[in-house]
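Everything on this sheet refers to the single structure shown next.
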Protein chains: 2
Amino acid sequence: MDLESSRTKLDRYPSRGSHDFATVAAILDEGFFCHVGFVKNGQPFVIPIGYGRKDRVLYIHGSAASRMLTEAGKGIPLCVTVTLVDGLVLARSAFHSSVNYRSVVILGTAEPVAADEKVAALKTITDHIVPGRWESLRPVKQEEVDQTTVLKLDIVEASAKVRTGPPVDDEEDYALPIWAGTLDLSAPVATPNPDKRLQPGVATPAHVTRYRRIKS
Amino acid sequence: MDLESSRTKLDRYPSRGSHDFATVAAILDEGFFCHVGFVKNGQPFVIPIGYGRKDRVLYIHGSAASRMLTEAGKGIPLCVTVTLVDGLVLARSAFHSSVNYRSVVILGTAEPVAADEKVAALKTITDHIVPGRWESLRPVKQEEVDQTTVLKLDIVEASAKVRTGPPVDDEEDYALPIWAGTLDLSAPVATPNPDKRLQPGVATPAHVTRYRRIKS
């Protein structure tokens with residue numbers, strides 16, 4: 001319960017919720033794309049973006065010219081949500097139909113990563129999205145680092161929500177001759193598609209051939 | 001360009017963006033889970049939830065007791081974002097590494113669907129998530145309709161953003177012996193998992209066996 005606050009307390013289906021860091025971290029590590037919410041002139045914006053996690057810090061990055069990152073890095077309140085959709089829950093009624101998913105909601109303020117920590121943060125993001133990738137890359141140039149904004153958000157106020165299992169129907173509905181169950185959605189299969197300008201003889205590395213998101 | 005406004009104008013990579021309704025609709029129809037952003041006491045919240053689209057209206061629904069839906073239905077500014085992740089873009093440098101994705105951002109205010117339109121809206125949502133499902137279900141009860149809040153959001157101010165294709169590296173980096181390309185992520189495969197309490201002899205219907213998201 002170490003990530004709970006009055007704002008991350010769950011009012012709907014609290015039994016499906018958790019404020020446990022290990023639960024939150026496992027969901028964050030299986031995903032790699034988040035939705036960042038921020039407010040500008042009273043209007044919320046929700047922007048999808050890749051991320052990386054290390055310990056209790058979430059990193060996002062983008063162009064230093066990005067309006068969103070500039071806004072989000074001003075210390076304004078943010079909400080970062082990560083959702084993994086595991087399946088569709090087909091109940092015998094519309095009312096009990098649902099979706100099996102795991103999500104994390106993090107509240108907080110982000111701040112720009114200092115210049116001397118930027119490269120380490122970029123490595124964290126790169127290796128979160130494709131584990132093992134960083135080492136194979138052409139080293140970053142200082143001008144690239146300068147053109148990149150990296151934000152960090154501490155994972156201190158967060159919640160996870162998890163719905164699993166079969167439909168839960170009204171007792172009398174189980175007698176109906178209606179197909180019910182779940183449509184389990186597989187984690188996506190990753191197929192390497194080599195660049196047409198690849199140098200001859202470059203083997204496909206293990207971090208590509210063995211790529212998969214690790215389901216906790 | 002019919003969905004453009006000063007607020008949905010794209011400042012980053014406008015060449016990847018679109019304000020065309022057909023482009024927006026195709027992405028909305030392939031997806032079924034959105035992230036709804038709203039503001040409460042200055043704090044943004046981003047909540048994942050299923051949705052349905054019909055014409056230029058997006059519907060979301062949930063328990064009438066839901067704090068989120070109650071807030072979101074008050075006519076406050078919302079942002080609804082739908083993201084489909086198609087692949088990882090493995091460039092020869094971290095700087096040019098990216099993600100292939102298609103996303104839609106809709107801005108607007110939602111309002112509760114009137115009582116006499118609720119059932120039609122619930123059918124839209126149900127059949128959006130699992131096409132053909134509604135007809136096979138036990139009919140809805142009035143008490144269930146009463147316990148459900150359905151919100152509608154007009155799709156009038158929106159943008160799509162699409163990144164496709166191989167990495168775009170610095171010209172001199174193409175000579176490096178680094179594997180580059182994309183890791184194309186398949187649409188998830190849906191496996192029917194029948195409920196243990198299914199009545200004997202109930203066949204698995206085509207809307208379950210043939211379930212797939214239609215890629216436009």
* **From phi via Karplus (6.51, -1.76, 1.60), per-residue ³J(HN,Hα) for the stretch A:206-211 in Hz, x at Gly/Pro** => 4, 5, 9, 5, 9, 4
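With charges set only on the Cβ (+1 for Lys and Arg, -1 for Asp and Glu), what does the dipole of the stretch A:97-195 come to about its Cα centre, in debye to the nearest 20? Please list the in-between numbers first.
Details: 9 positive and 17 negative charges, 89 e Å.
Once rounded to the nearest 20, the dipole reads 420 debye.
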* Between B:Val168 and A:Ser5, with labels modelled 7 Å along Cα→Cβ, what's the label distance in nm to one decimal, could you check? => 3.9 nm
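Of A:Lys152/B:Lys123; A:Lys118/B:Lys74; B:Lys9/B:Lys74, which pairs sit farther than 30 Å apart, going by alpha carbon to alpha carbon?
Flagged as over cut-off: A:Lys152/B:Lys123; A:Lys118/B:Lys74.
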* Asked: Mind checking the alpha-carbon convex hull of the protein assembly as shown and giving the volume per residue in Å³?
  -> 145 Å³
* Structure fact -> Among B:Val168, B:Val189, B:Thr209, the residue whose Cα sits farthest towards the positive end of the charge dipole of the stretch B:157-216, when +1 is placed on the Cβ of each Lys and Arg and -1 on the Cβ of each Asp and Glu, is B:Thr209
* **Label zone at A:Ala175 (point 7 Å along Cα-to-Cβ), backbone N below 14 Å, the stretch B:172-212** => B:199
* At 1.567 mPa s and 4 °C, Stokes D of the stretch B:14-209 from Kirkwood alpha-carbon radius, µm² per second -> 67 µm²/s
* Counting Lys and Arg as +1 and Asp and Glu as -1, what is the net charge of the other residues whose Cβ lies under 10 Å from the Cβ of A:Ala121? -> +3
* Asked: Can you give the average number of partner chain beta-carbon atoms within 10 Å of each beta-carbon in peptide B:133-139, as a whole number?
  -> 6
* To do: Between beta-carbons, use under 9 Å as the cut-off and find the net charge around B:Leu3, counting Lys and Arg +1, Asp and Glu -1.
  => -4
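The numbers here are math on the coordinates, done by the rules we state, and not lab data. Please read these numbers as outputs of a predicted model, since none were measured by experiment. Every residue, glycine as well, gets a Cβ built from its backbone with ideal geometry; the counts of neighbours run over all protein chains shown.
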